[in-house]
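Here the structure is laid out as structure tokens; the discussion comes afterwards.
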Amino acid sequence: MLLLVRHGQSEANAAGLLVGRADSPLTELGYRQAALLGEVLASRLTTPCRFVSSPLLRAMETAEAIADASARAGRPGTPPGVSVDRRFVEIDYGELDGIAPSDLPPGLWDRWRSDATWRPPGGETLGEVNARVAAACDELAPEAARCDVVIVSHVSPIKAAVIWALGGEPELSWRLSLGVASITRIATGGSDGPALVSFNEMTHLSRTPE
């Protein structure tokens with residue numbers, strides 16, 4: 001199983017800003033969400049074989065909390081530490097990084113939504129995000145058919161992984177809503193290819209960390 005986890009709340013998330021490659025750390029709430037993710041995944045993972053993270057701080061902090069919780073739970077075969085895969089980094093917003101959506105030039109948001117090939121100045125397109133994430137998922141799929149691969153990433157790459165599983169187009173990204181500290185599961189062992197098992201699981205956030 002591929003378990004795609006969106007990082008906990010970052011400072012930029014809390015401020016309502018677009019945040020791509022800017023290295024915004026977790027807030028206090030984000031750290032609590034990371035701890036909750038660690039608890040729920042430590043109890044759910046039966047055969048953890050790899051913990052993977054985007055290189056950005058907010059994802060690494062979340063991934064390390066999950067890996068540490070799994071290690072403390074004494075799961076047999078729990079891998080040590082977290083490996084970094086840059087293909088799961090957030091979309092590059094280029095010059096738009098750190099801007100509030102309400103401050104974007106008039107018409108830009110609508111243009112972006114209507115054209116998946118549009119590139120923010122100095123950034124990347126949705127199609128490019130989908131291509132790199134699909135390549136990573138193709139590579140990890142055989143391993144995820146045997147055991148659980150936990151990937152801590154960001155909103156755009158996780159949506160891209162869902163689109164990969166569904167065989168959709170990049171434009172589908174705009175029709176998906178994904179919360180911070182959510183869990184999405186994709187099964188990869190079926191004869192018909194990958195299958196979306198769950199999307200945007202968030203009930204664990206109502207728990208209190210022990």
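Coordinate-derived values only; no laboratory data. Values in this document were obtained by computation on a predicted structure and should not be read as measured data. Note that each Cβ is placed from the backbone with ideal geometry, even for glycine, and that neighbours are counted across all protein chains shown.
Any chance you could give the angle, 0 to 90 degrees and rounded to 10, that helix 28-44 forms with the longest Cα principal axis of the chain?
It is inclined by approximately 40 degrees.
Identify unpaired cysteines across the chain, taking unpaired to mean no other cysteine Cβ lies under 4.7 Å from the residue's Cβ.
So, Cys137.
Count the net charge of all other residues whose Cβ sits under 12 Å from the Cβ of Val19, scoring Lys and Arg as +1 and Asp and Glu as -1.
On the way: positive: Arg21, Arg58; negative: Glu11, Asp23, Glu90, Asp92, Asp97.
So the environment of Val19 carries a net charge of -3.
Bin width 5 Å, alpha-carbon pairs only: give the P(r) of the chain as whole percents, running from 0 to the bin holding the largest distance.
1, 8, 16, 20, 21, 16, 10, 5, 2, 1, 0
Only bridges whose two residues both fall in the chain count here: according to DSSP, what percent of them are antiparallel, nearest 5? It would help to have the intermediate numbers written out before the result.
Working: 9 of 21 bridges.
Percentage antiparallel, nearest 5: 45.
With everything on Cα atoms, drop me the angle between helix 126-144 and the longest principal axis of the chain, reported from 0 to 90° to the nearest 10.
10
What angle, in degrees between 0 and 90 and rounded to the nearest 10, separates the Cα long axis of helix 155-166 from the longest principal axis of the Cα atoms of the chain?
Once rounded, one gets 70 degrees.
Could you please report the charge total around Ile158, scoring K, R as +1 and D, E as -1 over all other residues with beta-carbon less than 15 angstrom from its beta-carbon?
Details: positive: Arg6, Arg58, Arg87, Arg132, Lys159, Arg175, Arg185; negative: Asp85, Glu90, Glu201.
Surrounding charge for Ile158 is +4.
Can you tell me the relative contact order of the stretch 59-161? Whole percent, Cα pairs under 8 Å, sequence separation 6 or more. All intermediate terms of the calculation are to be shown ahead of the outcome.
Numbers: 87 pairs, mean separation 35.3, N = 103.
Relative CO of the stretch 59-161 lands at 34 percent.
Between the stretch 184-208 and the stretch 56-74, what is the C-alpha centre distance in whole Å?
Between the Cα centres of the stretch 184-208 and the stretch 56-74 lies a distance of 19 Å.
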